[in-house]
Amino acid sequence: MKPTFTRLFASLALAGGFGVLSLGAHAADLTIDCGATANDVQNCLPYAEEWAKKTGNTVKAYTAPTSSTDKLALLRQQFAAKASEIDVLSIDVVWPGVIKDHLVDLKKYSKGAESKFFPAMVANNVVGGKLLAMPWFTDAGLLFYRKDLLDKYKIATPQTWDELAAAAKKVMDGEKSAELQGYVFQAKAYEGLTCDALEWVYSFGGGTIIDKQGNITINNAKAAKALDTAASWIGTIAPGGVLNYAEEDARGVFQNGHAVFMRNWPYAWNLAQDKDSVIKGKVGVAALPSGGSSKAAALGGWQLAVNKYSKNVDAAADLVMYLASAEVQKKRALNGSYNPTIPDLYKDADVVKANPFMGQLLEVFTSAVARPATETGLKYPQVSNAFWDAAHDVLEKKSNGTDAVKKLEAKLKTIKRDKW
Ligand code: GLC
């Protein structure tokens, strides 16, 4: 596309701020993967368009699959074909080591801006000395609950999984509604189950599947017990259908007022508070319960990266820096409850007022448990797949915890061979 007068004017006006274009540069038509849900797009595209207007470029959103697992598969196909279709990618916290060869080093564009971000989140995106992505929002598994129902039955927020199961049962028995579920979560066979099951296992003291040194640790009695405990919820406090639930399925049930408890990521808060929400004002957020060892939240989150095969690398990197800025992150926190990746924003009165849990549960976010992605690098997708398959088998009662973790250990050894 030819640069128009307005576009060039806008570029010049922005010299020194965002906007890498200078007189004579061609405007870029960018495509960004904003995420998959309506909430994701609404809290991204308007800001990308704001940037486009300021810099004289154009931008459109690409609709990616909702599931992290499906999205990774699609991206890998696109990288294999060196496809330039998507310029700005949103990538999962567990992917930098997997797709490192296909992303642009952002060091030259960030100009040190990453020093204001949580160091661990930045470090996660640095592979081989290259800054492959900017942390955009962070996630940690949270327990959402119906405050009104717990109050009605005089039940305190559950601190252990047993308390949660008992509380769910008490409310279900009391309400006598065939529609009301006790607990909904993510138990479909995909990356989301890896997060949920890691939380169960870790909270029972069963470790992180693979430890920091790369040793396979999953074959232990505590991990087995954690999986058996989760299996006991299905058909009692959780519907059988949960075996096919991803985040949005669980949220749909909870959002319609049909569940007492839900495990989900922070984004669910803002939607629960929507003016048309039937659960508005009735929801509480807490740390997930303990299995006897500690409470545990899986660390999630998304990063913005530039596709190495993009035809507009400079403009795409400029857009990444704009969207990752404190200014845009604040708006996304206020309007979409996306957790910022910049520590200062957790001290921002507006952010904490709109999302009380971001202040109250700060420790949940700062101490969230990472999946073993750094340790296993390129093999992480296989490791995660083996883990969620094992967990799913136990939940479906095709296996039990003890057998499943033993079989999983053998499978992981085959994937590892002599090294990760
Ligand atoms: C959320 C998390 C991400 C995780 C995914 C699993 O999007 O941010 O890290 O992999 O859920 O479904």
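Readers should treat all values here as calculations from the given coordinates under stated rules, not as data from a laboratory. Here the structure is a predicted model, which means the values were calculated and not measured. Every residue, glycine as well, gets a Cβ built from its backbone with ideal geometry; the counts of neighbours run over all protein chains shown.
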Cysteines having no other Cys beta carbon under 4.7 Å from their own, within the chain: Cys195
Alpha-carbon centroids, the range 151-222 and the range 107-140: separation in whole Å: 31 Å
Percent of alpha-carbon pairs separated by more than 19 Å within the range 38-150: 59 percent
Under 5 Å, built H, 5+ apart or other chain: amide partners of Ser290: Thr160, Trp161
Two-decimal log10 I(q)/I(0) for the range 82-205, as the Debye equation yields it once each C-alpha is a single scatterer, q = 0.19 Å⁻¹: -1.07
Dipole axis of the range 190-274 (+1 Lys, Arg; -1 Asp, Glu on Cβ), positive-most option in Trp269, Thr217, Trp200: Thr217
Length added when fully stretched, Ser84-Lys130, from 0.36 nm per residue minus Cα-Cα: 14.5 nm
Compactness of the range 263-420, expressed as Rg and Dmax over alpha-carbon positions, Å: 19.9, 55
Rg to Rh, two decimals, where the range 43-106 supplies the alpha carbon set and Rh follows Kirkwood: 0.99
Cα-based Rg of the range 220-338 normalised by 2.2 N^0.38 Å, two decimals: 1.40
Gain upon complete extension [Thr37, Ala156; 0.36 nm per residue less C-alpha separation]: 39.5 nm
Crossing angle, helix 161-175 versus the chain [Cα axis fit, 0-90 degrees, rounded to tens]: 80 degrees
Derived scalar couplings ³J(HN,Hα) [the range 310-325; Karplus, 6.51 cos²θ - 1.76 cosθ + 1.60; whole Hz; x for Gly, Pro]: 4, 8, 9, 4, 4, 5, 4, 5, 5, 5, 4, 5, 5, 5, 7, 5
Members of Lys71/Lys311; Lys188/Lys407; Lys130/Lys411 lying beyond 30 Å, as alpha-carbon distances in this model show: Lys130/Lys411
Residue-averaged [θ]222 nm for the chain, counting only DSSP H segments that reach four residues, each worth -39500 (n - 2.57): -12500 deg cm²/dmol
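In debye, nearest 20, what is the charge dipole magnitude of the chain about its Cα centre with +1 on Lys and Arg Cβ and -1 on Asp and Glu Cβ, if you could check?
500 debye
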Cα gyration tensor of the chain - equivalent ellipsoid semi-axes, whole Å, descending: 38, 26, 17
Dipole of the chain, positive direction: furthest Cα of Gly174, Met121, Ala52, with charges on the beta-carbon: Met121
Part-to-part distance (alpha-carbon centres) for the range 43-84 and the range 263-293, which is given in Å: 28 Å
